[in-house]
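Here is the structure we will look at, set down as structure tokens.
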């Protein structure tokens with residue numbers, strides 16, 4: 001797009017490379033994910049993860065020198081939207097893996113990057129998990145109870161983390177813990193815990209309402225020895241909280257992309273239905289009530305996508321992205337829930353049958369206002385910076 | 001707690017160093033308005049930015065984030081007893097559930113002894 005006036009040059013078009021990336025994800029998804037997407041309980045999870053690993057898409061932000069694609073966040077959001085449009089659960093696995101890797105990419109030392117990031121890349125790639133929420137205090141850092149007590153060799157980790165996405169399939173777990181029970185938030189550190197470490201126990205995998213492909217569970221850490229080399233910024237007391245907030249601000253943009261993918265899938269399904277379902281001798285899309293609903297859905301999805309793109313654009317440029325990211329997550333998750341419900345309305349009773357795409361998308365969308373900080377938290381983040 | 005608390009610490013350290021907002025902003029590579037928002041807590045600081053400020057202002061990172069501590073738990077003071085109490089609680093954090101039970105049994109024994117052993 002040419003400059004029209006003034007100095008500001010905005011460009012909403014995708015690069016050739018980004019278009020090719022989208023096409024390659026679409027093509028793989030059509031053959032290897034879509035046919036199994038409605039079969040829940042993770043039966044086909046392993047095959048889908050292998051398909052993603054073959055394209056090195058499990059954690060595309062990992063820099064090339066550590067085996068990743070080295071994608072910027074904008075391009076990564078495009079990938080997440082495509083995956084969410086065919087399998088929200090699979091996209092959630094990817095988003096959680098990206099979240100777990102982000103503190104390492106942002107602030108890990110060379111050794112930590114060499115040891116942990118390659119686990120998420122290449123044909124043998126696996127997922128990773130990010131563990132913050134706790135059974136009692138949720139994600140309130142003022143009352144975090146998981147504690148890492150310093151000992152001669154590093155830290156001894158004790159505590160319980162709940163609702164951890166990728167519990168049981170993660171190669172490693174990025175754990176947030178306090179190192180001083182009086183300072184709590186000010187003493188937070190981020191620990192990299194191999195899944196096989198002694199004392200790590202998956203206590204329960206939940207039967208969730210949506211995103212069923214992604215295992216969500218509770219993990220207990222009992223006297224887990226963490227060597228100093230597995231602590232991010234181990235020598236800089238006070239670094240954990242700021243690193244954590246930055247990780248969330250990045251993650252929110254990706255959850256926003258996930259929401260856009262879910263909403264898009266709902267619109268496509270409803271549109272297809274409306275073009276083929278006849279009533280009074282014409283497709284129901286010809287009825288104004290339905291066509292207006294479709295128009296509203298498309299408009300809201302465009303809003304959500306543009307907000308997602310802006311947040312990612314700011315992140316990639318090192319701009320001030322905290323508010324943009326929170327706004328994108330707040331808006332997109334709300335829109336995804338509205339759009340999936342509107343799509344279910346258009347499809348009538350068909351949208352209420354267990355095992356249909358719309359019924360699944362309505363359940364998948366529900367989680368979006370909870371993960372990566374509830375929508376009330378997003379409002380707090382936004383209002384604090386007004 | 002809030003980023004406002006961190007901002008107030010930045011302002012205090014800046015003034016202690018005798019720097020204007022404009023001077024500090026130039027030294028850490030941000031605009032004066034951005035720094036002003038950091039100090040007011042109206043803009044989120046990330047680790048790399050605070051690390052730069054800490055370096056310029058000759059303060060450890062901990063100085064700025066210590067203000068994030070909740071005001072509700074008891075804060076350690078300079079008294080020896082409090083320091084020992086903090087150390088004890090941190091040591092307890094390293095123990096297993098069974099070991100904590102042992103410690104509790106010992107504390108119960110001490111209380112029993114203090115009450116005259118009846």
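Every number in this text was worked out from the coordinates using simple rules, so none of it is lab data. As the structure is a prediction and not an experimental result, all values here were calculated from the model. Ideal geometry is used to build each Cβ from the backbone, glycine not excepted, and the neighbour counts take in all protein chains shown.
See the values below:
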read-out: Under the Debye formula (equal points on every Cα, no solvent term), log10 I(q)/I(0) of the stretch A:287-386 at q = 0.13, 0.20, 0.23, 0.25 Å⁻¹; value: -0.54, -0.99, -1.14, -1.23
read-out: Chain A: angle of helix A:357-366 to the longest principal axis, Cα-based, in degrees nearest 10; value: 40 degrees
read-out: Burial ranking of peptide ranges A:227-233, A:180-186, A:170-176, A:31-37 (average Cβ count within 10 Å, highest at the top); value: A:170-176, A:180-186, A:227-233, A:31-37
read-out: Compactness relative to 2.2 N^0.38 Å, alpha carbon Rg of the stretch A:244-347; value: 1.26
read-out: Order of A:376, A:152 under a 10 Å beta carbon neighbour criterion, fewest first; value: A:152, A:376
read-out: Shielding score for B:39-52, defined as the mean number of other chain Cβ atoms within 10 Å; value: 5
read-out: FRET efficiency, 1/(1 + (r/R0)^6) with R0 51 Å, evaluated for residue A:341 and residue B:108 via beta carbons; value: 0.35
read-out: Order of A:43, A:143 under a 10 Å beta carbon neighbour criterion, fewest first; value: A:43, A:143
read-out: Per residue Cα convex hull volume in Å³ - calculated over the protein assembly as shown; value: 183 Å³
read-out: Acute angle (nearest 10 degrees) that the helix A:16-32 long axis makes with the longest principal axis of chain A, alpha-carbon atoms; value: 80 degrees
read-out: Ratio of Rg to Rh over the stretch A:150-277 (Cα coordinates, Kirkwood Rh, two decimals); value: 1.12
read-out: Residue A:13 paired with residue A:114, simple spin-label distance in nm, labels 7 Å along Cα-to-beta-carbon; value: 4.4 nm
read-out: Relative packing of A:17-28, A:48-59, which averages over residues the other C-beta atoms within 10 Å, highest first; value: A:48-59, A:17-28
read-out: Shielding by partners - mean other protein chain Cβ count within 10 Å, residues of B:57-66; value: 4
read-out: Helix A:88-107 vs. chain A, principal-axis angle (Cα, 0 to 90°, nearest 10); value: 40 degrees
read-out: Peptide A:318-327 - average C-beta neighbours from other chains (10 Å radius); value: 2
read-out: The stretch B:1-74: C-alpha pair distances exceeding 20 Å, %; value: 20 percent
read-out: Cα-based convex hull volume of the stretch A:71-217 per residue, rounded to whole Å³; value: 130 Å³
